[in-house]
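Notes for the one structure printed next.
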Amino acid sequence: MMIKKSFYAILLGSFIFQACTQKNEMRFHTDDHSIIWGLASPVQLEQDTTTIHLTDFVVDAEKLIDSIGLPKNYFDFELSADKKLLKMWPISTKIPQLNILQIYHKKTNYSVLLKSSMKVKIELNFEGTGKEKLVQLKGEMNSWNQLNNPFQNEGNRWKNTLYLLPGRYEYLLVIDGKEITDPKEPETISNGMGGFNSVLKVGSPNPSKPEIYTASHEGKKIFIHYHGSVDSLIIFWENYQLLPEHYTQNNGIVTINPPHQVNNYKRSYYRIWAYNSDGISNDLLIPLDNGRILVNAKTIDRTEHHGNIIYNIMIDRFVDGNKENTKPLNLAEVLPKADYFGGDLEGITDKIVDNYFYQLGVNSLWISPIIRNPKGAWGQNIEPATKFSGYHGYWPISFTQIDERFGTPETFTKLINSAHVEKMNIYLDYVANHVHQDNPVYAQHPDWFTKLELPDGTLNLERWETHRLTTWFDKFLPTIDFSKPEVIETLTDSAVFWMKKYPIDGFRHDATKHIQTEFWQTLTYKLKTEVAIPENRQFYQIGETYGSPELINSYVSTGLLNAQFDFNIYDALVAALAIEGTGFKNLKLKLEQSLNTYGYHNLMGYITGNQDRPRFISLADASVKFNENTKLAGWTRKIEVLDTIAYQKLSMLTAFVATIPGIPVIFYGDEFGMPGANDPDCRRMMRFGKDLNPYEQQTLERSTKILDLRKHTMPLIFGTTKILIANEYHFVLMRQYFDEIAILVLNNNADAQTITFEIPKDFAGYPIKSNFNSNVSTEQNTITINIKGNYFDILTK
């Protein structure tokens, strides 16, 4: 049942609100019992009706929400009788870029930022010959699913109308089943596999939207500067919008006088946005330490996610700490690379105790699934002929039992406790999308799974985009049907089991986009209500989705996941560094698109590599070709580093993911340059110490220094981000946090280069030093760096 609102107006800053019940005095709460857990993420509004699950923000919405408020002149809405569901829609064509949803509880109002839809109407046209029967679109704008957004035939002209966010989209046309680039779009880009995609640009290339940045602070007073015109400025402390009495705005300078409540918190945050008619500014995230600006990164706790540096471990391929549970299949039909190697939980614990991770500089471990897997051989590779063991952990035959080849409940608990002693997080890889056919649930509840055979008689196998929510990964891996409420309840309970039984700190979720958002919403709600709130325990969830930024972001919010991996950035970065002639222009555009989509202080994961791709170092030195079968390459020849320059290029990649906003994710072995083709060759046994050659040891030392800078440099954690140069060979990016700056410089030219660039005049005269042995000079706000070929530097104050 939905109830219509009864109107009244409340004046708040520049907004007029309408709400459901009696007027509340607007003020901050006076104790630590906020009804919103954590910082409420902004809500991206749709062009028409937007549905907001208020339980994403207030878990006991029916009891705790008195009423809600929206800008009266811009929106109409309906609120469900139980106050769990809000539907809102625009009633004006002149809606500001940013608005506020107010949630009222007693005499306190909580604020949630609303971002108006920025989608632009785009028309694509294809001039045919009259013989075409079907013209389709396949690209980033529809997650490469040619069944979405079909062209309409108007004689010889085919027309497609799209609504897209500003950005740059790669795509192809599919003419009667044949893929081609768009003959009307001259710009193309390498697809990394020997072919090319067309490029569609949406929106202004240089919008004059505002830029805001932290300038200085005196005691608890903060000064914010901005460039460009500003229609309105919005400042949150925690989940409360500051009233004008707490800040002044004059000549591009904003002075924030904190409310007295900031003194009650060990850690709290300001969040700041601005906008004008051209768009929304970058956002600011400013951490406070007992009300004062946080200036010492060493005080950031492991539970504060922005300080995360994640290390990705495939258990079986890391360290064998207990020979007694080493049980390879030793079957003729399974080649050695596809069998168990013997890595286990005890081996990881040994390396925690040995301080390997501490010395490397990571503070979070993502470990592959530990769930029980089948004991036999499954699947079938054609060339060479081999079956596979379940060494990777992604074929669950149980939802709650640990595989004996990896360890026991006792060894897992010891691993977690050892990590926590060393101030490290443990994130468990959780598989919800599918089970192995030997899982008892498949026999007990066959109706809980999607059908392998489609209505046309073909198999629903690996149809990642066209049948995203139902496709099977293999014939022996039934996909779970999450359209059934009882299935969601059962599977979310099994995930919560791991958080309740073991003191883990969160999950990496496999195959996220293949599962309905209702599952993730239910899981996050249960984690909040059954673990986080009762135990005052933080958790972090990161998902795996290949697709457009819009699809990826549809799984990231307060009520869903904290983050996903941004594979689009990784692909652009790999191409820029390893494909000659690519340059950094596309990487710049992709990074800007990601920041505008996920936020300038997002928690997205930025990888150096992963278990489903060739090792970057082997692409960089061309020992693995982009246009070959990269899995076959690992089976048919020994992949080793052919050109030692690739070690430097790997360090360039590591430096990039460690200096942009988001969370760096180091794939095991990438810290020193382990080579490999695609899986299983990219999943070799880990090596340490004396088993590293001199180039690998140097790369490890560089990685350690890069991660140390990331861990202890405030601009690299909470700073603003500005790209200063992105051309064929050079990329320069600046991060700034009050009076500290950090600057990434990449030189992808084989020769040493002199690069000159300007930083904003506000930072003229800053003393700048090189951390990787380049020669640096400064004159006013101009910096000149002499940097060797295929190398990088991170400059700091």
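The values are calculated or read from the model by the stated rules, or taken from the named source; none is laboratory data. Because the structure is a prediction, the values reported are computed rather than measured. Backbone-built Cβ (ideal geometry, glycine too); neighbour counts: all protein chains shown. These area figures cover heavy atoms from the full protein model, side chains too; ligands, DNA and RNA do not enter into them. Shrake-Rupley method; radii C 1.70, N 1.55, O 1.52, S 1.80 Å.
Every condition in (1) within 22 Å of SER774 (Cα to Cα); (2) open to solvent by 20 Å² or more (accessible area, probe 1.4 Å) is met by LEU653 except one, and the failing one is (2).
Tell me whether segment 773-790 contains one or more residues that are aliphatic (A, V, I, L, M) and open to solvent by 20 Å² or more (accessible area, probe 1.4 Å). Yes, that holds for at least one residue. Residue-level check: of (1) without any contact (Cβ under 8 Å) to a residue 40 or more places away in the chain; (2) over 25 Å from LEU577 (Cα atoms); (3) in a strand (DSSP E or B), GLU185 misses just (3). If you check ALA764 against the conditions, is it in contact with a Leu (Cβ under 8 Å, 6 or more places away or on another chain) and either touching a residue at least 12 places away in the same chain (Cβ under 8 Å) or not basic (Lys, Arg) (or both)? Judged against the criteria, ALA764 is not a match. Scanning segment 624-641 for residues that are open to solvent by 10 Å² or more (accessible area, probe 1.4 Å) and either in a helix (DSSP H, G or I) or not basic (Lys, Arg) (or both) gives PHE626, ASN627, GLU628, ASN629, THR630, LYS631, LEU632, TRP635, THR636, GLU640, VAL641. Contact annotation: residue pairs with Cβ atoms under 7 Å, 6 or more positions apart or on different chains, pairing a residue in segment 405-418 that is touching a residue at least 24 places away in the same chain (Cβ under 8 Å) with a partner that is surrounded by fewer than 17 Cβ atoms within 10 Å (Cβ to Cβ), are ARG405/LYS327; ILE416/PRO503; SER418/VAL353.
Count of segment 465-513 residues, restricted to those that are under 21 Å from the mean Cα position of the chain (by Cα) and under 23 Å from ASN142 (Cα atoms), is 8. The set of residues in segment 119-136 being over 28 Å from GLN593 (Cα atoms) and open to solvent by 60 Å² or more (accessible area, probe 1.4 Å) consists of GLU127, THR129, LYS131, LYS133, LEU134. Residues that are among the basic types (Lys, Arg), touching a residue at least 12 places away in the same chain (Cβ under 8 Å) and within 13 Å of THR608 (Cα to Cα) occur at least once in segment 637-650. Considering segment 164-182, the residues that are exposed (fewer than 13 other Cβ atoms within 10 Å of the Cβ) and free of Cβ contacts under 8 Å to residues at least 40 places away in the same chain include one that is nearest to ASN197 (Cα to Cα), namely ILE180. Taken over segment 245-270, the criterion of being aromatic (Phe, Trp, Tyr) and in a strand (DSSP E or B) is satisfied by TYR247, TYR269, TYR270.
Evaluate segment 521-539: report whether one residue or more is acidic (Asp, Glu), assigned to a loop (DSSP other than H, G, I, E, B) and touching a residue at least 24 places away in the same chain (Cβ under 8 Å). No; the residues of segment 521-539 include none that is acidic (Asp, Glu), assigned to a loop (DSSP other than H, G, I, E, B) and touching a residue at least 24 places away in the same chain (Cβ under 8 Å). Counting only residues that are of a type in the set (Ser, Thr, Tyr), open to solvent by 20 Å² or more (accessible area, probe 1.4 Å) and more than 18 Å from TRP520 (Cα to Cα), how many does segment 547-597 have? The number of residues fulfilling the criteria is 2. Comparison of THR466, THR458 shows that the only residue that is in contact (Cβ under 8 Å) with a residue 12 or more places away in the chain and open to solvent by 20 Å² or more (accessible area, probe 1.4 Å) is THR466. From the list SER67, SER116, the one residue that fits, being farther than 26 Å from GLU530 by Cβ, open to solvent by less than 10 Å² (accessible area, probe 1.4 Å) and modelled with pLDDT of 90 or more, is SER67.
For segment 710-737, enumerate the residues that are part of a loop (DSSP other than H, G, I, E, B) and open to solvent by 20 Å² or more (accessible area, probe 1.4 Å). Answer for segment 710-737, where residues must be part of a loop (DSSP other than H, G, I, E, B) and open to solvent by 20 Å² or more (accessible area, probe 1.4 Å): ASN727, GLU728, TYR729. Can you pull out every residue in segment 611-623 that is closer than 26 Å to PRO369 by Cβ and either in contact with a Cys (Cβ under 7 Å, 6 or more places away or on another chain) or in a loop (DSSP other than H, G, I, E, B) (or both)? Once the filter is applied, which keeps residues that are closer than 26 Å to PRO369 by Cβ and either in contact with a Cys (Cβ under 7 Å, 6 or more places away or on another chain) or in a loop (DSSP other than H, G, I, E, B) (or both), segment 611-623 yields GLN611, ASP612, ARG613, PRO614, ARG615.
Screening segment 245-284 for residues that are β-branched (Val, Ile, Thr) and in contact (Cβ under 8 Å) with a residue 24 or more places away in the chain and picking the one that is most open to solvent (accessible area, probe 1.4 Å) gives ILE253. Elements of the type strands (runs of 3 or more DSSP E) sitting completely within segment 337-391 and holding at least 1 residues that are in contact with a strand residue (DSSP E or B) (Cβ under 8 Å, 6 or more places away or on another chain) and charged (D, E, K, R): these cover 386-388. Residues of segment 97-113 that are surrounded by fewer than 20 Cβ atoms within 10 Å (Cβ to Cβ) and in a loop (DSSP other than H, G, I, E, B): LYS106, LYS107.
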